[in-house]
Amino acid sequence: MSLSLDEVKRIALLARIAVSEGEAAAARDQLNGIFAMIEAMQKVDTAGVEPMAHAQDVMLRLREDEVTEPDRHALFQSVAPQVQDGLYLVPKVIE
Amino acid sequence: MQWETVIGLEVHAQLSTRSKIFSGASTAFGAAPNTQACAVDIALPGVLPVLNRGAVERAIRFGLAIGAKVNRTSIFARKNYFYPDLPKGYQISQYEQPIVEGGAIRIVTRGGEKTVRLTRAHLEEDAGKSLHEDFHGMSGIDLNRAGTPLLEIVSEPDMRSSEEAVAYARALHALVRWIDICDGNMQEGSLRADANVSVRPLGSDVLGTRCEIKNLNSFRFLERAIEYEVRRQIGIIEDGGRIVQETRLYDPDRDETRSMRSKEEAHDYRYFPDPDLLPLAVSEKWIDEVRAGLPELPEAKRARYEREWGLPAYDALTLTASRELASYFEDVVGAGIEPKLAANWVMGDVAAALNRSDLDIAASPVSSAALAGLLARIRDNTISGKIAKDVFDAMWAGEGGADEIIEKRGLRQITDASAIEKLVDDVLAANPKSVEEFRAGKEKAFNALVGQVMKASRGKANPAAVNELLKKKLAG
Amino acid sequence: MSLENSSLRELAAALAAKQLSSVELTQRFLDRIAAANPALNAFVTTDPERSLAQARAADARRARGDATPLTGIPIAHKDIWCAKGWRTTCGSRMLANFASPYDAHVVERFDAAGAVLLGKCNMDEFAMGSSNETSWFGPVKNPWNPAFVPGGSSGGSAAAVAARLAPAATGTDTGGSIRQPAALCGISGLKPTYGVVSRYGMIAFASSLDQGGPFAKSAEDLALLLNAMAGFDARDSTSLDRAPEDYTRLLAAPVPGAPADRPLAGLRIGLPRQYFGAGLAPDVAEAVETALAELRRLGAATSEVDLPASDLAVPAYYVIAPAEASSNLSRFDGVRYGHRAAEYGDLVDMYCRSRAEGFGAEVKRRILIGTYVLSHGYYDAYYLKAQKIRRLIAEDYARAFAQVDVIAGPTSPTVAFEFGAKTADPVQMYLNDIYTIPANLAGLPGLSIPAGFGAGGLPVGLQLVGNYFDEARMLAIAHQYQHVTDWHRRAPAGY
Ligand SMILES: [Mg+2]
Ligand SMILES: [Zn+2]
């Protein structure tokens, strides 16, 4: 397989990363090199093999339904790029 | 051409946990912006999700209540997309292995009863809110709601009209409140529906292209949005056009649906199992415990009211509209009142009074015990059913219990035969014309005479005794 | 013996004997950092006031008589761990001004033990790299030769310990990021079993692979550090709820019943065929063979084992890790913290520019790979396939551990390489982790200890991979080896 320039631009937009034409072309060549290496996986027959999503074969632990977190928005918002009246500001959201 | 509408609903119910699904922040509604958004909710670097047992338990309750399969293992996945109200850039949801699969809900419409099948119900987290008031042309983000547990309940496309869709949504609304997993407060967004709507020629078994209408947070909007959307789709097809699969937003002010620009961009959610969350196991033991803690479900109650108490299907359905209503009714019956009498009063005077005062049954000024006290006075002939209505109104107005009001107002029924005879004689003497008409075969005249006697007794004479005595005197 | 060459146990003994205070010890290392860091670039942030305040508190605690073995000992943290009030950058422009409002579990644990936070160490951006060339704050130099890389991604931590700028440091290891820099800098480093050290407060790269661990001069020090770092944390759903263990408990006598001169008698060491083939540099092979001979002299028996799927570990890793990373790094969107572009148009433009500016080339490259392999139509061919290969790799190890107690081999195929040598070809860079990645995929513990020197006088690392939760035994083996060798005592010239 081989990625096209348009595919690189499509995934860059999906990933919300601005890329110039030059960057997209360079990324395409590098990604194609990497995918050529990754392609080795396809040689192996993995029929019937259970995918492994976690390093340990353990089930999820649950927490009790208790409120444990106090209001710390002033501290949290001290590192925010732009806030007003306790709200995070972003360019207008259009639905 | 005759068209058939095909509707499936995705309903998001906020689960009534104290804390969020993956964090210990409060879920209480209405707090100042971001004061209930903790480190996990705002997705600080390095924080991790830990699942709330209460959310899982509520999902199990729902699964059991609709006769679904509760999966012993389910998987949390990430649904990836960028949106300012989604702090992590992904929503933790369930994708390939949801906690609940299958099940069904019965609905009743003018067309009769019908079963709507459910596809699945899965756990996920809610997003925050974008506020669009003018912040110098920007939007403000409040993440208090981010991480509130949701159960997304997905139906099969089994509904054929907006009426059925609303009946289904109402049934779901009643059920989630019944089993105490969601407060059902639609103004606060506790229950929100997305409708998948398509049309096809009547008789066809191929599904048409569907549109998903988002943001339906009232039964009325659900109904209006579907009706508008059906008209829109039929119009397009009849004009030779084609339906484009898309997400649409219902605008209640204009009563129409419109395409959502932000969702137009081809979305590719890149679902994959969340590496921060291991598979969720639900043991047989846990399911048994949850089952044992479930209240009697509306279905079972309806059947029991009909079978054991001989109530008509309509009454049984009405009285099981909510758990509070059913328990009020059962308390009245439990105090020794015949079920049908109790049903008539609960569905009649009580419901009407609640409606007038815009109150819930739980807040009724006349308690179930007080109502039972009143109805007992009808049964033992202390008062007539008609007088009872006045007593009820006085009770509603807070004037005291039934006996107190009956005594205070001297409403005790006149059952003494000689006293009634005196009244009858006076009325007969004063109304010779009516007596004559009755004798000439006018049945109506008899009723007028009964009315006069009752009036003369200020309603307190026992109507049966009056009837009997009048008949005897007129015959004599 | 100089303070900077002392072991943690020696420092603790000196503190206990009141031969020095934590303030003096901390100041000594702060002075060393001030002198050497401009050239090495191992630290991104130091805050002497804050560190010395902690040192004073540690001295007071010791005076009260409730000191732990780490009370008053300065520890450097990889800048991936959130520490309250400390700038926490993850080596990225994205977080260049991010003061963490909270502490990672590991930071809390060291605080609870009374350790002093000496500073935050440079690292490859978001832990993506094997050479420390991807940091926004510039490359870290290898103390053995500043023209060479220190390895990565925990290169700053490794260089700091190697140059004796810190007695010990923390790191994280997603595909070798503790073991490989430990090898390239000639120190000891341990990646524990996945789930032993909480990931809470560690900025995520690839959640199912990331694991924190210690760097130190010796295996004995690693054991002491792991005692502090390991432990159940309810805030990390993948943290394992196990009884606490003392990782130093087997250091004295690893194999029960073995004679004193052959303390490893009865130990079975597996040598993976795949780790000694083409691609392994001759100088590294020679040093590792010498180390294995030493282990045999100590009584261990070596035999070949087969890990056939390990050839596919790098391809599978470069699907799984970028996939998880692409999602983990979505939170860096310029809304709640981190870099926001100065100029932008609409919301999408704000996202795209902030992320394009905030992330460096390698991070962007991996986000693109991850986005692609998860995208519609490619999931099965890449992500699911990689997860199946991951299972095969774990099964290979399970079979091997039925025959042997521990697996040994080189940590890295070469000694440290020169800056820029592999930057043009990402695949060449990725292949650097060929021997370390399989243990991450399986979730197994691995460590690297100094095992001599190769070309250019640069250090070589010997890697041990153990079965799940076998850290104590691995540390004991390493400790026995360090008893009879002195590679771990060698400091780079000038330090
Ligand atoms: Mg949905
Ligand atoms: Zn949903």
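Just so it is clear, none of the values below were taken in a lab; they were calculated from the coordinates. None of these values were measured; they are calculated from a predicted model. So basically every Cβ, Gly included, is an ideal-geometry build from the backbone, and we count neighbours across all protein chains shown.
In this rough spin-label picture, where each label sits 7 Å from Cα along the Cβ direction, the B:A363-C:A301 distance is 8.2 nm. Using 0.36 nm times the number of residues separating B:N355 and B:A31, minus their current alpha carbon distance, what extension gain do you get? Extending this stretch completely gives an extra 113.6 nm. Principal-axis analysis of the Cα atoms of chain B puts helix B:443-456 at an angle of about 90° to the longest axis. Listed values for region C:346-357 are Karplus-derived 3J(HN,Hα) couplings in whole Hz (6.51 cos²θ - 1.76 cosθ + 1.60, θ = phi - 60°), namely 8, 4, 4, 5, 4, 4, 4, 6, 4, 6, 5, 7, and x replaces Gly and Pro. Overall, the anisotropy analysis places region B:3-289 in the oblate class: the square-rooted eigenvalues a ≥ b ≥ c of its C-alpha gyration tensor yield a/c not less than 1.5, with a/b not exceeding b/c. Among the listed pairs B:K389/B:K442; B:K340/B:K444; B:K386/B:K444; B:K114/B:K285; A:K9/C:K422, a Cα-Cα separation exceeding 22 Å is found for B:K389/B:K442; B:K340/B:K444; B:K114/B:K285; A:K9/C:K422. Other residues lying with their Cβ under 11 Å from the Cβ of C:H339 contribute a combined charge of +2, Lys and Arg counting +1, Asp and Glu -1. Taking other residues whose beta carbon is less than 11 angstrom from the beta carbon of B:M454, and scoring Lys, Arg as +1 and Asp, Glu as -1, yields +4.
Straight-line cross-link partners of C:K120 among the aspartates and glutamates, defined as a Cα under 16 Å from its Cα and at least 8 positions apart when in the same chain: C:D31, C:D47, C:E49, C:D79, C:D103, C:E108, C:D111. The Cβ shell under 11 Å around C:L224 holds other residues with a net charge of -2, Lys and Arg each +1, Asp and Glu each -1. FRET efficiency for the B:T415 to B:R110 pair, using the beta carbon distance and R₀ = 41 Å, is estimated at 0.35. Can you figure out the FRET efficiency of A:S4 with B:E289, using R₀ = 60 Å and their beta-carbon distance, to the nearest 0.05? Between A:S4 and B:E289 the formula returns 0.60. Per residue of peptide C:363-370, the mean number of Cβ atoms on other chains within 10 Å of the residue Cβ is 6. For B:L15, the residues 5 or more places off, or on other chains, whose built amide H falls under 5 Å of its own are B:L150, B:L151. Between A:A18, A:A36, A:A80, the Gaussian network model of chain A with springs among Cα atoms under 10 angstrom shows the greatest mean-square fluctuation at A:A80. Compute the long axis of helix B:368-379 from its Cα atoms, compare it with the longest principal axis of the Cα atoms of chain B, and write down the angle in degrees, 0 to 90, nearest 10. For B:368-379 against chain B, the angle is about 30 degrees. When you count the other C-beta atoms within 10 angstrom of each residue and take the mean per peptide, C:197-210, B:13-26 line up highest first as C:197-210, B:13-26. A crude spin-label estimate for the pair B:N185 and C:A493, with each label 7 Å from Cα along the Cβ direction, gives 7.5 nm. Each Cα pair under 8 Å and six or more residues apart adds its separation to the average, and for chain B the resulting relative contact order is 14 percent. Averaging Cα coordinates gives a centre for region C:433-495 and one for region B:196-234; these two points are 65 Å apart. Among beta bridges from DSSP that stay inside chain C, the antiparallel ones total about 70%.
Converting phi to 3J(HN,Hα) with the Karplus coefficients 6.51, -1.76 and 1.60 and the offset θ = phi - 60°, region A:45-62 yields 7, 10, 4, x, 7, 6, x, 10, 9, 10, 6, 10, 8, 10, 8, 5, 8, 10 Hz in sequence order, with x at every glycine or proline.
Amide H contacts under 5 Å for C:F453: C:V460, restricted to partners 5 or more places along the chain or on a different chain, H placed in the peptide plane at 1.01 Å from N.
Working ranking of peptides B:456-462, B:410-416 by packing, defined as the average number of other Cβ atoms within 10 Å per residue, highest first, is B:456-462, B:410-416.
Give the angle, between 0 and 90 degrees and rounded to the nearest 10, that separates the Cα long axis of helix B:284-293 from the longest principal axis of the Cα atoms of chain B. For B:284-293 against chain B, the angle is about 30 degrees. Calculated mean residue ellipticity, 222 nm, chain B: -12000 deg cm²/dmol, from DSSP H runs (n ≥ 4) at -39500 (n - 2.57) each, averaged per residue and rounded to 500. A Förster radius of 25 Å combined with the Cβ-Cβ distance from B:H267 to C:D349 puts the calculated FRET efficiency at roughly 0.85. Less than 17 Å apart at the alpha-carbon level, and either on another chain or at least 8 residues along: which aspartates and glutamates does that give for B:K471? Filter leaves B:E421, B:D425, B:D426, B:E436, B:E437, B:E443. Between region B:120-155 and region C:77-142, the C-alpha centres lie 32 angstrom from each other.
Between region B:285-356 and region B:402-420, what is the C-alpha centre distance in whole Å? With region B:285-356 and region B:402-420 each reduced to a Cα centre, they are spaced 32 Å. Across peptide C:79-88, the mean count of Cβ atoms from other chains lying within 10 Å of each residue's own Cβ comes to 1. Averaged over the residues of peptide C:420-429, the number of Cβ atoms from other protein chains lying within 10 Å of each residue's Cβ is 2. A simple spin-label model places pseudo-atoms 7 Å from Cα toward Cβ; at B:D403 and B:I234 they are separated by 6.2 nm.
Remark: region B:235-252, residue by residue, has Karplus-estimated 3J(HN,Hα) of x, 5, 5, 5, 7, x, x, 10, 7, 9, 5, 7, 9, 10, 10, 8, 10, x Hz, where x stands for each Gly or Pro and the curve is 6.51 cos²θ - 1.76 cosθ + 1.60 at θ = phi - 60°. The value of relative contact order for chain C, using C-alpha pairs under 8 Å at least six residues apart, is 18 percent.
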